[in-house]
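Engineer: One structure, pasted below without further comment.
The values are calculated or read from the model by the stated rules, or taken from the named source; none is laboratory data. It should be emphasised that the depicted structure is a prediction, and the values quoted were computed from it without experimental measurement. Cβ sites come from the backbone with ideal geometry, for glycine too, and all protein chains shown count toward neighbours.
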Amino acid sequence: MIYSRFKYFIFFLIIVESDCVSKIDTQHNFQLKFVFILMRHMNRAPVIEYCKNDVVKWPHGLSALTDEGIWNAYRAGQKLRKRYIGFLDSLRGYTPDEIVVSTTPVERCYQTAGYLLAGMYPPNVQQTWNKQLKWQPIPIKTSLSKDHQSFTRNPRMCPTYAAELHNATETFMKTDSVQKLINSLKMYTSKPLNTWRDVLVVADAILTEHLANYSIPNFTMEQYSNIEEYILSVMKVLVKTDKMKRLFSGDMLNDVLTRMEASMNKSLDAKKIYLHVGHDSTIIPFFKTLNIENITHPHFGAAIIMELYITPSNETVVKLLYNKDHKWKESDIKLIELPGCPQPCRLEDWRTHTNKMIPGNLFEECNITNNN
């Protein structure tokens, strides 16, 4: 009798999983093989306090995840589990051969990944080591990251990129719109506004406080659209030229395509999902590297998704999608057209189409010498 009930349970589970996975692609009857998720970290405090009389308090400190961000990360993990329930092994729970996770070496990214994984992989009976704690440790590997945020901060990391960035930002900072914004901000902050990064951290602080539903000074509301535009524009400047795209985002693009090819070749180290948690300054340059122009500033928890499928005719195709925020509503996950490669784009066409954006040897193209 017990065996019979268990058999019916398994049958029911298979039906539920099949129904869930069909939500990913019901129109073409494609079989999902691999998923890449490039996500912005969840809600955080500003990096700085931009105003001397700023009364806003951030319990976990500046630049840290807020309580809202913690819960949003956890719930996003639950939503991802639901979205891919027929693709992931629900009986075994977490296994190292199913998912690999990386982040930039920044605490809010690392924590976002940790809370997300807690929601995505609650321990099953065999994995429960503390009955009062529905959590298990899952590796998060900053060493795997191809997210070259450090190039913008340390010229020695990639001298070629540093030179390109210097030229691009020098021109950008001289534009009338940027100069007008700087002159407005100078009236209300004692923070330096000499470089693109100086202006960015102040603009980001204002935007972040507003998104957290705090009152912001009247002058900032008057400049709010200009502040949003500045943040978006400066993210685009990070990959102003094709050379900058190759150096900043091309390595990550190549890593993802290589993982997809490994999945199709059934390599022993192939995973089902690769999740990377980065920043808005990861997502926008990645889109620009794919020559996608209609970009808005990504909210906390926004994500680029690349799903690899096998078609009924045994072709491998890639779908590019965008999730706009932390809620992970299916209605908010939109298909994005890759210019020059109509969706769904064949994997080999994707590789050919984006090949010019992939560095042959990043070390050499960065012009890194032993002296650097």
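Engineer: For segment 293-308, name all the residues that are crowded, with 21+ Cβ neighbours inside 10 Å and of a type outside the set (A, V, I, L, M).
Structural biologist: PRO298, PHE300, GLY301, GLU307
Engineer: Run down VAL199, VAL239, VAL234 and say which single residue is farther than 17 Å from GLN149 by Cβ and at pLDDT 95 or above.
Structural biologist: One residue alone meets the criteria, VAL199.
Engineer: Something else now. Can you pull out every residue in segment 107-118 that is touching a Gly at 6+ places or on another chain (Cβ under 8 Å) and surrounded by 23 or more Cβ atoms within 10 Å (Cβ to Cβ)?
Structural biologist: Matches in segment 107-118: ARG108, CYS109, THR112, LEU116, LEU117.
Engineer: Here is a follow-up. List the pairs whose first member sits in segment 162-173 and is within 16 Å of TYR230 (Cα to Cα) and among the aromatic types (Phe, Trp, Tyr), whose second member is assigned to a helix (DSSP H, G or I) and modelled with pLDDT of 95 or more, and whose Cβ atoms are under 6 Å apart, counting only residues at least 6 apart or on separate chains?
Structural biologist: What qualifies is PHE172/VAL237.
Engineer: Also: Take the residues in segment 232-265 that are of a type in the set (Gly, Ala, Ser) and in a helix (DSSP H, G or I), then tell me which one is nearest to HIS276 (Cα to Cα).
Structural biologist: GLY250
Engineer: A follow-up question, please. Just name the residue that is farthest from LYS271 (Cα to Cα) out of those in segment 88-106 that are touching a helix residue (DSSP H, G or I) at 6+ places or on another chain (Cβ under 6 Å) and buried (at least 18 other Cβ atoms within 10 Å of the Cβ).
Structural biologist: Of segment 88-106, the ones touching a helix residue (DSSP H, G or I) at 6+ places or on another chain (Cβ under 6 Å) are 101-105.
Adding the requirement that they be buried (at least 18 other Cβ atoms within 10 Å of the Cβ) leaves 101-104.
On the way: VAL101: 10, SER102: 13, THR103: 17, THR104: 20 Å.
Checked segment 88-106; the qualifying residue farthest from LYS271 (Cα to Cα) is THR104.
Engineer: Yes or no: SER143 hydroxyl-bearing (Ser, Thr, Tyr) and loosely packed, with under 13 Cβ neighbours inside 10 Å?
Structural biologist: So SER143 passes the test.
Engineer: Quick one: is LEU65 touching a helix residue (DSSP H, G or I) at 6+ places or on another chain (Cβ under 8 Å), among the aliphatic types (A, V, I, L, M), crowded, with 19+ Cβ neighbours inside 10 Å and within 15 Å of ILE37 (Cα to Cα)?
Structural biologist: It is false that LEU65 is touching a helix residue (DSSP H, G or I) at 6+ places or on another chain (Cβ under 8 Å), among the aliphatic types (A, V, I, L, M), crowded, with 19+ Cβ neighbours inside 10 Å and within 15 Å of ILE37 (Cα to Cα).
Engineer: Which residue is nearest to ALA118 (Cα to Cα), if the candidates are limited to segment 46-89 and must be among the small types (Gly, Ala, Ser) and part of a helix (DSSP H, G or I)?
Structural biologist: Among residues in segment 46-89 that are among the small types (Gly, Ala, Ser) and part of a helix (DSSP H, G or I), the one nearest to ALA118 (Cα to Cα) is GLY77.
Engineer: Filter segment 128-149 down to the residues that are without any contact (Cβ under 8 Å) to a residue 60 or more places away in the chain, under 18 Å from HIS41 (Cα atoms) and in a loop (DSSP other than H, G, I, E, B) and list them by number.
Structural biologist: ILE138, PRO139, ILE140, LYS141
Engineer: While we're looking at this one, here's another question. Can you name the residue in segment 207-225 that is in a helix (DSSP H, G or I) and surrounded by fewer than 17 Cβ atoms within 10 Å (Cβ to Cβ) and, of all such residues, is nearest to the chain's Cα centre (by Cα)? First the steps, then the outcome.
Structural biologist: Taking segment 207-225 as the starting set, the residues that turn out to be in a helix (DSSP H, G or I) are 207-211, 218-222, 224-225.
Now drop any that are not surrounded by fewer than 17 Cβ atoms within 10 Å (Cβ to Cβ), which leaves 210-211, 218-219, 221-222, 224-225.
Working: HIS210: 22, LEU211: 19, ASN218: 32, PHE219: 32, MET221: 28, GLU222: 30, TYR224: 24, SER225: 24 Å.
By that ranking, first place goes to LEU211.
Engineer: Mind telling me which of the residues PRO298, PRO312, PRO285 ends up being farther than 25 Å from GLU209 by Cα and not aliphatic (A, V, I, L, M)?
Structural biologist: Numbers: PRO298 fails: farther than 25 Å from GLU209 by Cα; PRO285 fails: farther than 25 Å from GLU209 by Cα.
PRO312 is the lone residue from the list that is farther than 25 Å from GLU209 by Cα and not aliphatic (A, V, I, L, M).
Engineer: Give just the number: which of (1) within 24 Å of GLU307 (Cβ to Cβ); (2) at pLDDT below 90 does LEU116 not satisfy?
Structural biologist: (2)
Engineer: Just for segment 311-344: of the residues that are more than 21 Å from the chain's Cα centre (by Cα) and hydrophobic (A, V, I, L, M, F, W, C), which one is nearest to VAL277 (Cα to Cα)?
Structural biologist: VAL317
Engineer: Quick check on this structure: which one of THR311, THR316, THR354 is in contact with a Gly (Cβ under 9 Å, 6 or more places away or on another chain) and in contact (Cβ under 8 Å) with a residue 12 or more places away in the chain?
Structural biologist: None of the others qualify; the one that does is THR354.
Engineer: Can you tell me which residue is nearest to ASN226 (Cα to Cα) among those in segment 174-206 that are more than 24 Å from the chain's Cα centre (by Cα), surrounded by 15 or more Cβ atoms within 10 Å (Cβ to Cβ) and not aromatic (Phe, Trp, Tyr)?
Structural biologist: It comes out as LEU181.
Engineer: Does SER263 meet the test of being out of contact with any Lys or Arg (no Cβ under 9 Å at 6 or more places or on another chain), more than 19 Å from HIS353 (Cβ to Cβ) and not basic (Lys, Arg)? Please lay out each step first, then the result.
Structural biologist: On the way: out of contact with any Lys or Arg (no Cβ under 9 Å at 6 or more places or on another chain): no; more than 19 Å from HIS353 (Cβ to Cβ): yes; not basic (Lys, Arg): yes.
Answer is no for this residue.
Engineer: In addition: All but one of (1) touching a residue at least 60 places away in the same chain (Cβ under 8 Å); (2) out of contact with any Phe, Trp or Tyr (no Cβ under 9 Å at 6 or more places or on another chain); (3) of a type in the set (Ser, Thr, Tyr) hold for TYR188; state the number of the condition that does not hold.
Structural biologist: Tallying (1) touching a residue at least 60 places away in the same chain (Cβ under 8 Å); (2) out of contact with any Phe, Trp or Tyr (no Cβ under 9 Å at 6 or more places or on another chain); (3) of a type in the set (Ser, Thr, Tyr), TYR188 fails exactly one: (2).
Engineer: When you look at VAL237, is it touching a residue at least 40 places away in the same chain (Cβ under 8 Å) and either β-branched (Val, Ile, Thr) or in contact with a strand residue (DSSP E or B) (Cβ under 7 Å, 6 or more places away or on another chain) (or both), yes or no?
Structural biologist: yes
Engineer: Are any of the residues in segment 108-126 of a type in the set (D, E, K, R) and in contact with a helix residue (DSSP H, G or I) (Cβ under 6 Å, 6 or more places away or on another chain)? Spell out the reasoning first.
Structural biologist: To start, the set of residues in segment 108-126 that are of a type in the set (D, E, K, R) comprises 108.
If we keep only those that are in contact with a helix residue (DSSP H, G or I) (Cβ under 6 Å, 6 or more places away or on another chain) as well, we get none.
No, segment 108-126 contains no residue that is of a type in the set (D, E, K, R) and in contact with a helix residue (DSSP H, G or I) (Cβ under 6 Å, 6 or more places away or on another chain).
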